Amino acid sequence: MPLSASNKIHLVKESIFRLANFSSEEWNFYQNIIEEVSFKKKAFLTKRGDVEKYAYFILEGAVKYEAITEDGKEICVDLGFQGNLVSSFASCLAQIPSAISIQAVTNIKAYRLYYPPVLELLETSKNAERFHRHIAEQLYIRETRRTYTLISKTAEHRYLHLLENQPDALRLIPIKDLASYLGIHPDSLSRIRNSIKG
């Protein structure tokens with residue numbers, strides 16, 4: 001169900017204030033550099049090779065992160081859904097070309113945060129520095145857990161873990177991208193799905 005304008009801003013504010021207790025002045029700073037944007041299915045939020053300048057808070061839809069292997073194969077390395085903050089953060093923070101692309105797999109509505117002014121705010125605001133440190137920590141923990149899951153769990157358990165944590169994944173993400181994200185062949189994913197249904 002589409003979110004109302006007031007619910008959208010509340011969702012963003014709630015997400016931000018969970019991590020940092022911003023003053024009204026600091027919150028106003030963020031509101032001034034946030035804009036609502038939309039993307040059609042298959043559009044790129046971030047292109048590989050570009051320097052990332054934005055972070056996106058997904059209001060509706062889903063995205064995939066893609067990287068390219070040494071032999072030129074595209075692989076899905078992460079997914080983003082409603083309520084997630086998505087960005088090529090390594091590129092954004094270091095202002096270097098992005099190693100990954102972020103592409104809409106459905107139509108997307110999001111709040112987009114223009115990041116360069118944030119990098120300046122980090123020098124003067126303890127709350128902002130704390131907020132973005134929390135984001136970096138959460139991203140690191142998430143990536144570590146994903147790596148552990150890929151290494152330690154069977155393909156079936158990886159699939160079940162995804163369904164438990166992102167129940168919309170099957171409805172929103174194409175099978176080939178789900179299989180790539182789980183590190184298995186699409187035929188293997190189909191067999192797993194059939195065995196669980198059966």
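Think of the chain as a dipole: +1 on every Lys or Arg Cβ, -1 on every Asp or Glu Cβ, centred on the Cα centre; then among Thr106, Thr147, Ser91, Thr106 lies furthest on the positive end. Working note: Karplus 6.51/-1.76/1.60 with θ = phi - 60° gives segment 102-114 the couplings 10, 10, 6, 9, 9, 4, 10, 10, 8, 9, 10, 9, 6 Hz, where Gly and Pro are set to x. In degrees between 0 and 90, to the nearest 10, how far off the longest principal axis of the chain does helix 186-197 point, with axes built from Cα atoms? So the inclination is approximately 80 degrees. Within segment 79-95, name every residue whose backbone N is under 19 Å away from a label modeled 7 Å from Cα of Ala43 along the Cβ vector. Hits in segment 79-95 for Ala43 at 19 Å: 80-88. Shape analysis of segment 5-124 places it in the oblate category; the axes a ≥ b ≥ c from the Cα gyration tensor give an a/c of at least 1.5, with a/b not above b/c.
Listed by Cβ neighbour count within 10 Å, with the fewest neighbours leading, His161, His132 appear as His161, His132. Seen from Asp187, the other residues with C-beta closer than 12 Å to its C-beta sum to a net charge of +3, counting Lys and Arg as +1 and Asp and Glu as -1. In percent, what relative contact order does the chain have, based on Cα pairs under 8 Å that are 6 or more apart in sequence? It rounds to 23 percent for the chain.
Between the Cα long axis of helix 5-17 and the first principal axis of the chain there is an angle of about 90°, rounded to the nearest 10. Note that segment 136-147 has calculated 3J(HN,Hα) couplings of 4, 5, 5, 5, 5, 4, 4, 5, 5, 5, 5, 4 Hz, one per residue in order, obtained from phi through the Karplus relation 6.51 cos²θ - 1.76 cosθ + 1.60 (θ = phi - 60°); glycine and proline are x. The residues neighbouring Leu119, those whose beta-carbon lies less than 12 Å from its own, together hold a net charge of -3 under the Lys/Arg +1, Asp/Glu -1 convention.
Since every read-out is calculated from the coordinates, none of them should be taken as a lab result. The shown structure was predicted, so the numbers you read here are calculated from the model rather than taken from an experiment. Ideal geometry is used to build each Cβ from the backbone, glycine not excepted, and the neighbour counts take in all protein chains shown.
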